[in-house]
Amino acid sequence: MRDAIKRRERRGGGLRVHFGLTTSCYTKSIRPPVTTDSDPPKVDRVSAHDLLYILTSFGDQGLILPFVLSVGAMLWFSHARREALIWILTTGAALGTMLLLKLVFLPCGHLLPHWHLRSPSGHAASAFIAYGGFAVLEAQLRTARWQRLAILGAGFFFACLIAGSRIALEVHSLPEVLLGSLVGLAVPAFLLWKIRPQFRHTLARSLLLAPLVPLGLLIALRGETLHIEGHIAAIAMRLAAALGICA
């Protein structure tokens, strides 16, 4: 086979390149872009997928755990130590329950194919645990009925959006999201039963700073979160193999 022959020609302001071989010929035309002063500047558009990814990131453990701890610290240092303990123990128990469910379903979910449960949604659970629970906590500290309803509506709506984003991104099935949401909803239900309104005027205002924690972390980390799902899956598979189950 002969060596490739390259020939360049200037035609109409463009550069035409011919690559000739013994059996084939490839032709590519490269033309410089023509711009004028009237052309608007190009702006990168944010796609719907990007928005869904940003939304779902608010349910990541890298944002949820600092948020939960910051709320607990604010309660503790505001002398609402009973409420701080209830908050930390309740949210911790729910997050631990989700971890156990994942350790079970990740290696064993294939044994129940009709359930479509391979990995219960931790993002959905975390959303209702953290944001739904916080909405209940903040609503209990408000005196006006419309404020309580608005706070509860905003918190649970945001949690529903995060849960729905897991389905939209095709990360989880509907049963997986529903199971995670059910676990998460146990926290606001328990808080509604146990938290008693007190220190309303001072504590309610300081707690409103807590949602800035996940927002600030998301901006600071530029969307990079923990992504611990892979680590949990690896641990679950090792445990199942060691115990000789769910083969």
Note on the range 228-239: residues surrounded by 11 or more Cβ atoms within 10 Å (Cβ to Cβ) and not β-branched (Val, Ile, Thr) are GLU229, ALA233, ALA234, ALA236, MET237, ARG238, LEU239
Checked the range 121-149 for anything in a helix (DSSP H, G or I), among the polar types (S, T, N, Q) and surrounded by fewer than 24 Cβ atoms within 10 Å (Cβ to Cβ); matches are GLN140, GLN147
Taking first residues from the range 72-95 that are touching a residue at least 24 places away in the same chain (Cβ under 8 Å) and second residues anywhere that are among the acidic types (Asp, Glu), the pairs with Cβ under 6 Å that are 6 or more apart or on different chains are LEU75/GLU83
Within the range 207-247, the count of residues that are within 15 Å of the chain's Cα centre (by Cα) and in a helix (DSSP H, G or I) comes to 9
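Each row is one residue, and each column tells you yes or no for (1) among the aromatic types (Phe, Trp, Tyr); (2) surrounded by fewer than 21 Cβ atoms within 10 Å (Cβ to Cβ); (3) farther than 16 Å from ALA233 by Cα.
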| residue | (1), (2), (3) |
| --- | --- |
| LEU55 | no, yes, yes |
| LEU63 | no, no, yes |
| TRP76 | yes, yes, yes |
| LEU89 | no, yes, yes |
| ALA94 | no, no, yes |
Determine if the range 187-196 includes at least one residue that is at positive phi and either surrounded by 12 or more Cβ atoms within 10 Å (Cβ to Cβ) or at pLDDT 85 or above (or both). no
Checked ALA150, ALA130 against criteria (within 17 Å of SER70 (Cβ to Cβ) and at pLDDT 90 or above); the one match is ALA130
Scanning the range 135-159 for residues that are under 16 Å from VAL187 (Cβ atoms) and touching a residue at least 40 places away in the same chain (Cβ under 8 Å), the one nearest to the chain's Cα centre (by Cα) turns out to be PHE158
Taking the range 163-180 and keeping residues out of contact with any Ser or Thr (no Cβ under 6 Å at 6 or more places or on another chain), part of a helix (DSSP H, G or I) and of a type in the set (A, V, I, L, M, F, W, C) leaves ILE167, ALA168, LEU174, LEU178, LEU179
(message) Going by what's in this entry, would ALA242 be described as closer than 24 Å to THR97 by Cβ and crowded, with 18+ Cβ neighbours inside 10 Å?
(response) no
Out of (1) exposed (fewer than 12 other Cβ atoms within 10 Å of the Cβ); (2) at pLDDT 85 or above; (3) not in a helix (DSSP H, G or I), the one GLU9 does not meet is (2)
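The values are calculated or read from the model by the stated rules, or taken from the named source; none is laboratory data. Because the structure is predicted, anything quoted here is derived from the model rather than measured. Virtual Cβ from ideal backbone geometry, glycine too; neighbours counted across all protein chains shown.
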